[in-house]
Amino acid sequence: MTRYTSDELMKMEHEYGAHNYHPLEVVISKAEGIWVEDPEGRRYMDMLSAYSAVNQGHRHPKIIKALKDQADILTLTSRAFFNDKWPLFAQKLAGVTGKEMILPMNTGAEAVETAIKTMRKWGYMVKGVEKDKAEIIVFADNFHGRTVTIISFSVDPDAKENYGPFTPGFVVVPYDNLEAVEKAVNKNTVGILVEPIQGEAGVVVPSEGFLKGLESIARKNNLLLAVDEIQTGFCRTGKTFAFQHEGITPDIIIMGKALGGGVMPVSAIAADKNVLEVFLPGTHGSTFGGNPLACAVASASIDVLIEEKLAERSAELGAYFMEGIRALKSPKIKLVRGKGLLIGVVLHESAGKARKYTTALKEKGLLCKETHNWIIRFAPPLVITKQEIDIALGKMAEVFCGVEAKA
């Protein structure tokens, strides 16, 4: 088999792949736990976890075993027939979410689309909103995916330019502003769609009480509250789901990323029967949604999160990591924010754009990614150890403070 160098592979991708990403200049060809390697054998610490899709660590043995075992038996039936894995997975995920029903899809964006369709259908069938008048309240600087409907309520020009016409029915209000939400509610409002923490916007953590306030507005006005836990869910923020930090009960929980254990795309929404029973046969579906292979993998992925107490681990190590970054006292760092092991490092604009620092950290063996020019996101697999965090902090000290780490 021909072996290609990193440079050859990057050149090949640039030649044949559409340029819809601007990746860091590193090629990953092997991974285990929190560590990855390039074709030349150089090792790097993964501080992104594929945008929180690899919470359990790369190639977790239990998840890989579930994948291999199921691949030897049955991979796909479509939902035209019952299979023996989807019911078990549905039961398990219902238990984890505290909801009565699960609707499975594949990608996070599909799960968000499903939540939107759910809110609209419920609005017409249950709340009695006039046909085709339903409105959903969403938030500025949101990121929920890349479909035309989802980017219709984005405020990011890169996400929207030249993709119109856009889907109507969304009212955008400022994040972390309950008064604006109250004002946006009208007789056609069917729901509120919110990220408990805005990840892509730069790990923006709302004020304490914001989610509780949204829940109160939803209850008072007979609206569905949908929380997008695709990036924040499955132990990333120190709880199984980020909304649990405020003790609320959302109507719809949107999940993806880590549900597939870093092995394959698996997504779902969870809600009670009075919400999800608006769907009847033929009104929504997915050929691969609920496939046996995905269900076996997702079930094992949930087991790992629970058995290894990754929520508690994330809470403890996230606090340790953030304290360590603040202790660097770098003049380049303006602010450190986050929950658990979802951390945003905001740079002073005078320090230069974040890409310069993610590139420098890559050269030191630390892989992370910039967002919005001045912010770097750190989200390592939750299996990271304190000792490995100390290694990462040493590399960060070299880059942000000019301090050479001790050998």
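Each value in this text was obtained by applying a stated rule to the coordinates, not by laboratory testing. On a predicted model such as this, the values are computed, not experimentally measured, just so you know. Positions of Cβ are backbone-derived with ideal geometry, glycine not excepted, and every protein chain shown enters the neighbour counts.
Is there a residue in the stretch 5-18 that is among the small types (Gly, Ala, Ser) and in contact (Cβ under 8 Å) with a residue 60 or more places away in the chain? No.
Scoring ARG79 on the criteria (1) surrounded by fewer than 16 Cβ atoms within 10 Å (Cβ to Cβ); (2) assigned to a loop (DSSP other than H, G, I, E, B) leaves a single failure, condition (1).
For every residue, the table says whether it meets (1) within 23 Å of GLN244 (Cα to Cα); (2) in contact with a Phe, Trp or Tyr (Cβ under 7 Å, 6 or more places away or on another chain); (3) β-branched (Val, Ile, Thr).
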| position | (1), (2), (3) |
| --- | --- |
| ILE34 | no, no, yes |
| ASP38 | no, no, no |
| GLY41 | no, no, no |
| SER78 | no, no, no |
| PRO87 | no, no, no |
| GLY95 | yes, no, no |
| ILE116 | yes, no, yes |
| ARG120 | no, no, no |
| MET125 | no, no, no |
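How many residues does the stretch 201-214 hold that are buried (at least 20 other Cβ atoms within 10 Å of the Cβ) and not small (Gly, Ala, Ser)? Residues flagged as buried (at least 20 other Cβ atoms within 10 Å of the Cβ) and not small (Gly, Ala, Ser) within the stretch 201-214 amount to 4.
Matching residues to (1) touching a residue at least 60 places away in the same chain (Cβ under 8 Å); (2) part of a loop (DSSP other than H, G, I, E, B):
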{"site": "GLU215", "(1), (2)": "no, no"}
{"site": "LYS220", "(1), (2)": "no, no"}
{"site": "ILE230", "(1), (2)": "yes, yes"}
{"site": "THR240", "(1), (2)": "yes, yes"}
{"site": "VAL275", "(1), (2)": "yes, no"}
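Restricting attention to the stretch 328-374, which residues are part of a helix (DSSP H, G or I) and without any contact (Cβ under 8 Å) to a residue 24 or more places away in the chain? Hits for the stretch 328-374 are SER350, ALA351, ALA354, ARG355, LYS356, GLU363. The set of residues from the stretch 375-407 being within 14 Å of MET47 (Cβ to Cβ), small (Gly, Ala, Ser) and either without any contact (Cβ under 8 Å) to a residue 12 or more places away in the chain or in contact with a strand residue (DSSP E or B) (Cβ under 7 Å, 6 or more places away or on another chain) (or both) comprises ALA379, ALA392.
Mind listing whichever residues of the stretch 364-389 are exposed (fewer than 14 other Cβ atoms within 10 Å of the Cβ) and of a type outside the set (Val, Ile, Thr)? ASN373, LYS386, GLN387 - these are the residues of the stretch 364-389 that are exposed (fewer than 14 other Cβ atoms within 10 Å of the Cβ) and of a type outside the set (Val, Ile, Thr).
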